[in-house]
């Protein structure tokens, strides 16, 4: 298949540090041909760096997305703009055989999230959500080990995620952006960062029945709570605890990380960049499984390429990502109201990539 020609909306950190390296690695499959950003200087820098054809207005994405020389629109904008711009692009390219890549979370409010889930059907356009945690090697390895019964029946898990937002905001990291320090969406860092951890947990364990949460309020804009602690009951009967601490460090190693306990042993992942999954069996046997770090961005683009060729379905759809984002909103509601909140309605949750699908039919639908 020919290279897919890509138009970029938003040339910030997500593009520079995450998507662009993956596009470089997959240069035999993708070619960036257009780019725009609300900051003309930033867009102009990338136009020159990538030796792109000159554009009249580097901030006008509406004129860019309708160009005939584009196959893919990759949208990387602040969360409060995500739904608005994605819907606008979907309406502009409806019926044009173009594919949309959209960042996560889907939107800034529960109402927008529900509407975002309906965009592919409403505008008859394929949309892939770049939830890299669902594409990361460590997440899929753990999921396969659990589904294969390697540690027996899974009984419970505990995960502690720590983000030192106060320190990171003064460095060249994502918290340094103004819209993250003073977010215009509920939950702040809990929604922006915590949604990835929830996506991984739902990818591994399936549908969540209900959540109960508690939080410690704080005065900083970047998050209404310094820490939240959540009890989770999954549809399978599995129980677990998830905590998200965004205002300090975890000083002593090994970190708590993700620990999954089964009848035959346990799985331990200290953090996603450690490169090793540890398994301790009840009989004393130990196993270490290496994995390549941060492969989600590469794998998600490869999935899009294969989907465009009709070889496989899109792995992370807006419908699937809706459950991840909705879980965060329900957790925030549980913390605010002091009530147990329902999450997924389905009795059995099966991700799209597990379903038996006729991929050619998916391909034909949009071509």
| remark: With Rg from the Cα atoms and Rh as the Kirkwood inverse mean 1/r over Cα pairs, region 1-147 has an Rg/Rh of 0.98
| request: Return the FRET efficiency for the residue pair residue 333, residue 236: r is the Cβ-Cβ distance, R0 is 25 Å, and the value is rounded to the nearest 0.05. | output: 0.65
| query | When Rg/Rh (Cα atoms, Kirkwood Rh) is calculated directly from the model, which label among (i) 0.96; (ii) 1.03; (iii) 1.14 fits? | reply | (i)
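Using Cα pairs closer than 8 Å and at least 6 residues apart in sequence, work out the relative contact order for region 204-341, in percent.
Computed value for region 204-341: 22 percent relative contact order.
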| request: Return one quarter of the surface area of the convex hull spanned by the alpha-carbon atoms of region 124-249, equal to its mean projected area, in nm². | output: 9.9 nm²
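Could you tell me which of rounded, prolate or oblate describes region 2-59, using a ≥ b ≥ c as the square roots of the eigenvalues of the alpha-carbon gyration tensor, with rounded for a/c under 1.5 and, failing that, prolate when a/b is larger than b/c and oblate otherwise?
In terms of gyration-tensor shape, oblate.
Rounded to the nearest 500 deg cm²/dmol, what is the calculated helix-only ellipticity per residue at 222 nm for the chain, with -39500 (n - 2.57) per DSSP H run of length n ≥ 4? Can you show the working numbers first?
Working: 15 runs with 128 residues, N = 367.
So the helix-based figure for the chain works out to -9500 deg cm²/dmol.
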| request: Evaluate the relative contact order of region 41-191 (contact order divided by residue number), counting alpha-carbon pairs under 8 angstrom at least 6 apart; express in whole percent. | output: 18 percent
| field | Principal axis box of region 249-308, alpha-carbon based, largest edge first, Å | value | 46, 31, 16
| Which angle from 0 to 90°, rounded to the nearest 10, does the C-alpha axis of helix 296-308 make with the longest principal axis of the chain? | 50 degrees
| Running Debye on region 274-343 with equal point scatterers at the Cα sites and no solvent, what base-10 log of I(q)/I(0) appears at q = 0.25 Å⁻¹? | -0.98
| In degrees, nearest ten, helix 318-337 long axis to first principal axis of the chain (Cα) | 50 degrees
| request: State the Cα centre-to-centre distance between region 85-156 and region 14-62 in whole Å. | output: 23 Å
| Order by protection proxy (mean Cβ within 10 Å, highest first), peptides 232-244, 141-153 | 232-244, 141-153
| request: State whether region 101-158 is rounded, prolate or oblate according to the following rule on the C-alpha gyration tensor (a ≥ b ≥ c being the square roots of its eigenvalues): a/c under 1.5 gives rounded; otherwise a/b larger than b/c gives prolate, and the remaining case gives oblate. | output: prolate
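Please give the length that would be gained between residue 53 and residue 281 if that part of the chain were fully extended, namely 0.36 nm times their separation in residues minus their C-alpha to C-alpha distance (nm, one decimal).
Separation in residues times 0.36 nm, less the Cα-Cα distance, equals 76.3 nm.
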| field | Helix axis angle, 40-49 relative to the chain longest principal axis, alpha carbon, degrees | value | 80 degrees
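FYI, it's all coordinate maths here, none of it is from the lab. As the structure is a prediction and not an experimental result, all values here were calculated from the model. Ideal geometry is used to build each Cβ from the backbone, glycine not excepted, and the neighbour counts take in all protein chains shown.
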